[in-house]
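The values are calculated or read from the model by the stated rules, or taken from the named source; none is laboratory data. Model, not experiment: these values are computed from the prediction. Please note: Cβ atoms are built from the backbone with ideal geometry, for glycine as well, and neighbour counts cover all protein chains shown. Ligands, DNA and RNA are stripped out before the accessible areas are found, and what is left, the full protein with its side chains, is counted by its heavy atoms. Shrake-Rupley method; radii C 1.70, N 1.55, O 1.52, S 1.80 Å.
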Amino acid sequence: MEKKKTFYITTPIYYPSGKFHIGTAYSTTVANTIKKYKELRGYETYLLTGLDEHGQKIQTVAEKRGMTPQEHVDEMANLAKELWKLMKIENNDFIRTTETRHTKRVEEIFDKLMEQGDIYKGQYEGLYCVPCETFFTETQLVNGKCPDCGRDVISMKEEAYFFNMKKYQKRLEEFYDEHPDFIEPAYRKNELFNNFIKPGLEDLCVTRTSFDWGIKVKKDPKHVVYVWLDALTNYITALGYGSEDETLFNKFWPADVHVVGKDIIRFHGIYWPIFLMALDLPLPKKIFAHGWIMMKDGKMSKSVGNVVYPELLINRYGLDATKYYLLRTLMNGQDGIFTPEDFIDRFNYDLCNDLGNLLNRTIGMINKYCEGYIPEYSGCINEVDKDLEEYTLEQIKVSEEHFENYRIAQAIQEIWKIIARTNKYIDETAPWILAKSENGKEKIESVMYHLAENLRKIAILIKPFIEETSNKIFSQLNIKKDLQTWDSLYKYEHIPEKTKVIEKGEPLFIRLNKEEELSYIIEGMKKSL
Ligand code: MSP
């Protein structure tokens, strides 16, 4: 049997400092969509997510809650797993950095890097951002504050171990020369290159002594390993790197794509490649950086009172409507703004009117004009059919190109153009008039075939991100599994004779009353604080 191509995709491992909101759920939703797309393209996929459980931030949160850090992260891990289950995230593994399978490997990696001379002992004096657990130089600060989160930094001095980044400067630059597409979108790569790589890398402080919730350096246990060195290695420890069983590692490494938010590009675009170079391991193929879901008044934050939790939307509007909104909102790696108004409008216009009505009208007309059977394909019988076919096939190519490059919002946008074009086709062909004309039978059959076939294509295209809706369309049109494949997208002749559609299908989405729903979301946001 032919060996399947493999595809390894990761989400960032999350800090379990509190419940996840729709912003944090975004990386995972994107990663899951890429996984589902790749599966449709015949890949054997592996999706990793998990929790980044060490560090001062977690220790502080646990103390505030009157718990040990371990008790706190155990509780958070259960919440995270429940959320991914609710969101039907099909992760193959869930790694926690407090697990022995991870901590043991990190100890060994640290030792190895020390023995090799990549890590050395020194003194650290610098400016430190506690929430980001990162040291900065004066020049990296923005208006004297942390360049990542904008909060105050503190002066800190401690004995510490350092990673010799300077040694790898040249190799990293060469790597970027040879792999100009390593980070996407390109403008994010340029920012990183110009602001951090080109000016010259500083050696990185890779241990802390100011707290103890972390992996201890074996040979010097008053030091704990810097949380980012600990966290980044999850991508390989989860695959069994360095363990007795490296089957998964050999099969899936290097990663095909690490999905990350824009705030953690530096760690993935500089530290991670250098750690891997030091370990003599191949580098991941791609870092895909997305923007942030923002609120009108800035970042989502509990203290501002503008947090939206995924459960609020999923429990009322369904998983697909929630995922559709999240994925559609962030274009081209840039930030997007969540507003309840927008959410409801997208639900009503995109899902209910455009997609829902297209299916509803098609099923209704096939029943009315063709006794419930999808007619046989008889090619394009006129220019209108030809135009629809050409347009759709072209749009499929465009959407596919976006999926291939992980531009999910753009892919969705292009798919919705097919939906709009298909709706327009109904108006252009006016089946209700054809039904009254004497020789309209052939034409009406062609229209019904084209509508059913376009809906079949649309159901395949939306499958990676709104699978429940896709399955409902297949089921109402009675499309069997063998015609739900990506490969069947590129031509028109497919649906077999005597395919009987449902007599009366449930609507995919029921139109929302804007006023009522606005108050539901706004009240829900207040209550969930
Ligand atoms: N623990 C690190 C990642 C280590 S990976 C080796 C971390 N965790 S995090 O919980 O703070 O963030 C996890 C992910 O959620 C990041 O990719 C971050 O960019 C993303 N997001 C957090 N808030 C977000 C939004 N409001 N919108 C979109 N993504 C957001 O960073």
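Here are the numbers for this structure:
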{"read-out": "Yes/no for V307 being in contact with a Ser or Thr (Cβ under 9 Å, 6 or more places away or on another chain) and either closer than 30 Å to E191 by Cα or open to solvent by 20 Å² or more (accessible area, probe 1.4 Å) (or both)", "value": "yes"}
{"read-out": "Of residues in region 218-229 being in contact with an Asp or Glu (Cβ under 8 Å, 6 or more places away or on another chain) and either within 11 Å of the ligand (Cβ to nearest atom) or among the acidic types (D, E) (or both), the one least open to solvent (accessible area, probe 1.4 Å)", "value": "V227"}
{"read-out": "Selected residue [farther than 27 Å from M294 by Cβ and in contact with a Lys or Arg (Cβ under 7 Å, 6 or more places away or on another chain)] from Y15, Y8, Y43", "value": "Y43"}
{"read-out": "Lone unmet requirement of (1) within 13 Å of the ligand (Cβ to nearest atom); (2) closer than 23 Å to H21 by Cα; (3) not β-branched (V, I, T) for Y235", "value": "(2)"}
{"read-out": "Some residue of region 102-118 being under 28 Å from the mean Cα position of the chain (by Cα), aliphatic (A, V, I, L, M) and open to solvent by 20 Å² or more (accessible area, probe 1.4 Å)", "value": "no"}
{"read-out": "From Y449, Y492, residue being assigned to a helix (DSSP H, G or I) and either surrounded by 15 or more Cβ atoms within 10 Å (Cβ to Cβ) or hydrophobic (A, V, I, L, M, F, W, C) (or both)", "value": "Y449"}
{"read-out": "Pairs where the first residue, in region 36-47, is on the phi > 0 side of the Ramachandran plot and at pLDDT 95 or above and the second is open to solvent by 20 Å² or more (accessible area, probe 1.4 Å) and part of a strand (DSSP E or B), C-beta under 9 Å, 6+ apart", "value": "G42/K5"}
{"read-out": "Region 245-276: number of residues that are open to solvent by less than 30 Å² (accessible area, probe 1.4 Å), away from the ligand (no atom under 15 Å from the Cβ) and of a type in the set (D, E, K, R)", "value": "1"}
{"read-out": "Failed item, numbered, when T24 is tested on (1) on the phi > 0 side of the Ramachandran plot; (2) free of Cβ contacts under 8 Å to residues at least 24 places away in the same chain", "value": "(1)"}
{"read-out": "Residues located in region 147-195, provided they are farther than 30 Å from R407 by Cβ and among the hydrophobic types (A, V, I, L, M, F, W, C)", "value": "V153, I154, M156, A160, F162, F163, M165"}
{"read-out": "Only listed residue being among the charged types (D, E, K, R), modelled with pLDDT of 95 or more and open to solvent by less than 70 Å² (accessible area, probe 1.4 Å), chosen from E467, E515", "value": "E467"}
{"read-out": "Condition check for V308: among the β-branched types (V, I, T), more than 22 Å from the chain's Cα centre (by Cα) and assigned to a loop (DSSP other than H, G, I, E, B)", "value": "no"}
{"read-out": "The one condition in (1) open to solvent by less than 30 Å² (accessible area, probe 1.4 Å); (2) aliphatic (A, V, I, L, M); (3) more than 10 Å from the ligand (Cβ to nearest atom); (4) within 18 Å of the chain's Cα centre (by Cα) that L279 fails to fulfil", "value": "(4)"}
{"read-out": "Flag if K222 is assigned by TED's automatic domain parsing to the domain that holds P131 and under 30 Å from G122 (Cα atoms)", "value": "yes"}
{"read-out": "Only one of S446, S470, S488 that is more than 30 Å from K38 (Cβ to Cβ) and polar (S, T, N, Q)", "value": "S446"}
{"read-out": "Failed condition for I460, given (1) part of a loop (DSSP other than H, G, I, E, B); (2) buried (at least 21 other Cβ atoms within 10 Å of the Cβ)", "value": "(1)"}
